[in-house]
1. Suppose we filter region 59-88 for residues that are open to solvent by 10 Å² or more (accessible area, probe 1.4 Å), in a strand (DSSP E or B) and touching an Asp or Glu at 6+ places or on another chain (Cβ under 9 Å); how many remain?
2. Going through region 1-19 one residue at a time, which ones are closer than 15 Å to Gly119 by Cβ and in a loop (DSSP other than H, G, I, E, B)?
3. Across region 20-41, what is the number of residues that are in contact (Cβ under 8 Å) with a residue 40 or more places away in the chain, loosely packed, with under 14 Cβ neighbours inside 10 Å and in a strand (DSSP E or B)?
4. What number of residues within region 89-126 are among the hydroxyl-bearing types (Ser, Thr, Tyr), outside any strand (DSSP E or B) and either open to solvent by 30 Å² or more (accessible area, probe 1.4 Å) or under 13 Å from Gln46 (Cα atoms) (or both)?
5. More than 23 Å from Gly100 (Cα to Cα), at pLDDT 95 or above and hydroxyl-bearing (Ser, Thr, Tyr) - does that describe any residue in region 49-61?
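The values are calculated or read from the model by the stated rules, or taken from the named source; none is laboratory data. What you see is a predicted model; the values in this text were computed from it and never measured. Reconstructed Cβ throughout: ideal geometry from the backbone, glycine too, with neighbour counts over all protein chains shown. Each accessible area value is taken on the protein alone, full model and side chains, heavy atoms only, with ligands, DNA and RNA left out. Shrake-Rupley method; radii C 1.70, N 1.55, O 1.52, S 1.80 Å.
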Amino acid sequence: QVQLIESGGGLVQAGGSLRLSCAASGRTSSIYGMAWFRQAPGKERQFVSAISWSGNTYYGDSVAGRFTISRDKAKNTAYLQMNNLKPEDTAVYYCARVEGVPLGIPYSDKEHYSTWGQGTQVTVSS
């Protein structure tokens, strides 16, 4: 079984930056995908970014150009560097991971992932 532990959330002013971390442990595979989703009150969980084991990266339209996803393979950890934060970025951010590659399910679909972190609150003040 895989476990994910998130950290790095907090309160920041508009225009500021935060860096989220997601550490995976347990029975991890060398072929995997990791992603970040976010959910604001009253809204659906939204795709933010994803990264594959090979380092391919993907971004949602709302964060492209401002956020950067990366990973440390040795530590089984994914990061989300968030720059130029906006109040609209306020949400609970969830890390997700999948071992292997599910067929027929896009990486931007939450159903693609098998394991989820506990969530970390990001609040951006205006």
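1. Final tally of qualifying residues: 1.
2. Keep residues of region 1-19 that are closer than 15 Å to Gly119 by Cβ, which gives 3-10, 18.
Listed by number, the residues that qualify are Gly8, Gly9.
3. The total comes to 1.
4. Final tally of qualifying residues: 5.
5. Filtering region 49-61 down to residues more than 23 Å from Gly100 (Cα to Cα) leaves 61.
When the remaining residues are screened for being at pLDDT 95 or above, the result is 61.
Filter once more, so that each one left must be hydroxyl-bearing (Ser, Thr, Tyr): none.
No, region 49-61 contains no residue that is more than 23 Å from Gly100 (Cα to Cα), at pLDDT 95 or above and hydroxyl-bearing (Ser, Thr, Tyr).
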